[in-house]
Every structure is written in C-alpha cells, then in structure tokens.
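Presented below is the structure to which this report refers.
None of the figures in this text is laboratory data; all of them are computed from the coordinates on show. All values reported here derive from a predicted model rather than from experimental measurement. Glycine gets a Cβ as well: all are built from the backbone with ideal geometry, and neighbour counts include every protein chain shown.
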Amino acid sequence: MNSALKFVKTFFSGIDWLLLGAVLPIVGFGLVTMNSFVDDISFFDKQLVWLGLSLVVFFILSNFDFKFLRRTQVIIWLYIIVVALLGSLFVLGSVYKGAQSWLSIGGFSFQPAEIAKIVLILVLAKYFSRRHVEIKNIRHILVSGVYAFVAFFLVALQPDFGSALIIFMIWFGMVMVSGISKKHLLVVFLAGSLAFGGLWTFVFQDYQKARIMTFVNPLADIQGTGYNAFQSTVAVGSGQVLGKGIGYGTQSRLEFLPEYETDFIFAAYSEEWGFVGVVILLTLYLILIWRILITSIYGSSNFETLFGIGLSILYMSHLIVHVGMNIGMLPVTGLTLPFMSYGGTNLIISFAGLGLLMGMRKYRRAMHRDVSQNEFIGV
C-alpha cells in the first residue's frame, strides 16, 4: 500500500495544477459548444475520446527526464523526421478542403504541421540556448530563419497558410526574446516582405489571395469570400453581454456560421456565452500563459527557459489569430483554438507540449523560499 501511494505521489509530482486547472475548463467550454448543436457527426463524443488520450500523453510525458533533448543529435533527428513527414504529404497526404495536410497511418490521421510547431520550438530553443551571448550577430538570425523557413515553406505549399503563419510567429517571437538588434529587426521585416511577395506570386492559391483581400475590405463580397468573416462577426456581436444561452446560438444552429466546431468555435461560444463568457475564457488563457512563463523562468538551463517561452508564443499566437479572424480583424486562415477546437491532432499535441514542460519542471532551478511561497499568486 505504501509503495503504491509513493508511486502515485511520484507520478503526479511536478504537475502545475493551477495550469491544468485553467486548461480543463477551456476544453470543457469547447465540448459544451460542440454539444450545443445537432449534427450527423458527434463531435462531442469523439472529442471526449481525444481528451482522454491527451491526458494520458500529458501525464506520461510529465514523468520523463527531458535533459536528453539538449543533445544536438537528438534535436537534429527530430527536425529531420518532421521535415520528412511534411515532405511526404505531397506524395502520401490526403486532401481536405483544398489542403494536402493530413497523413493516414493504420486508420489514424494526423497533421504533421502540428508536430512541426513543437519540434521547431525545441530546435530554436536548442540553437539560441548555445548562442544567446552572440545573438546580435545576424548570422544566427539567418541560420535560425533557415530552420523555420523550411518548415514554413513546406506547410505553406500544402497550402496551410494558418499553420505557416504560426510557424513564422514562433520564429519571430523567439528571435525577439533572444535579443535581436533594431537594425537586424529591419532586415527581418524586409526579408519577410520579400518572402511574402514570393509566396503571393508563386505559392498562394486564388482562394487564399481572396481571403487576404477580404481582410482589407471584409464586406466587399459578403456572399463570397467575405461570407465566413461576416457571419462570425454577426455571431460574436449577437451574444451581447450575457449571451443567448447554451444551445440557443442561432448563427450556428441555423448553419449560417460554418465550421463552428473548429475554425469558428470562438464565434459560436461568444454567441452563447456573451461578453462575460469571453472574459472568463480569455482569463483562463492568460492564466495558462502566466503559468507557462513562471515555469520557464525557473528552467534549469537556457534550453528549458526558451522552450517554455516558445510554447507560450505558440498558444498565444493561435489565440490571437483565431480570435482576430473570428471578430473580423484578421483574414480567415482556418486556424483552430488550442484546447477548445475539435480535432485529435490539435488536442494531443497541445497537451503534449504541456507534458514536455511539466517534465522539465521536475528538474527546474531551485527558487528563493519567498518566491516559492508567493508563486501561486504571481508575486
């Protein structure tokens, strides 16, 4: 009995329960929103299964010692595997809604782009952790940019503009944190502009160009390219202060709002829960980001610290872009909301990222006693 209790205590040690306590309600809000509408496919039941698997992955990874990820060879092989998976999509990938972004193995389908985001964070954390002193040398900005660009290009070529944008934001955010100079920042912006021009000319499909043009004038073609953006803004606005109530979101129930369980789940949620519900949801996301950053601050090395910062950039980027496109402030990119949107790959990888962080948390640096006592309230 004592050995069993000791095992349980050890297994669950190192978990940031406040972080997990913020994530689970977010998942719950997504499940309730999915279950509010009648559909031929039970998104609610399937998402419950994915949630169970995700929690198993989270707790298992939380018990690993991830010091081996500091080895250059391990990181290089992870990067090679991810690039190979992204490349294989053009031969073996399944096309869904115009994007060749899914791989099927033994009846299980997944999106390599989701895995690529986590691996890119690991690659950049490893690279910058060894070169943080000389980061102002533009050579390191360019080399890290090559790592990111390969993944960015392969994802944009699918085409999956939403995930490609997140990959760019991860790289840009981690470069900024690493201490880039203003002069080099200008170079980055110029390079980004040239890259965008090349993508616009040679890569982007007509529907993606139309989405970007819709961003400039969302109401120019309400019946066409601007339809989704217009309906999502209507859904968000119709929720008003207290919302219409669970199951009474007319935009989703009457199928005016497309993809309410994935790309526009924030709009569907806002319509039912209103402004108050949105404040609660965003507060939970802020708690999640806060706890990730707290953990990263006390990482045992620069690698763990940078990984935690990169993970917070990943979730924050998803949140900003998803909410932005749901309220008509950003172009529709088909990007999900972490922990809330329907999808097995998205949910499992999101929890896997947190599991990696919790595993690193077990061997974090010791903090001052006063800091430890005040950590819960963030003092």
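Peptides 275-287, 300-312 ordered by packing proxy, namely the average of other Cβ atoms within 10 Å per residue, highest first: 300-312, 275-287. Extension gain, Ser193-Phe68: 0.36 nm per intervening residue step, less the Cα-Cα distance, totals 41.3 nm. Among the trypsin sites (Lys or Arg not before Pro) in region 19-120, those placed in a DSSP loop whose Cβ has at most 12 other Cβ atoms within 10 Å are Arg71, Lys97. Exposure proxy ranking for Val241, Val83, Val119, Val332, based on other Cβ atoms within 10 angstrom of each Cβ and starting from the fewest, stands as Val241, Val83, Val119, Val332.
In terms of other Cβ atoms within 10 Å, Tyr269, Tyr342 run from fewest to most in the order Tyr342, Tyr269. Of the listed pairs Lys126/Lys183; Lys46/Lys362; Lys67/Lys117; Lys67/Lys183; Lys209/Lys244, which have alpha-carbon separations greater than 29 Å here? Distance filter (> 29 Å) returns Lys46/Lys362; Lys67/Lys183; Lys209/Lys244.
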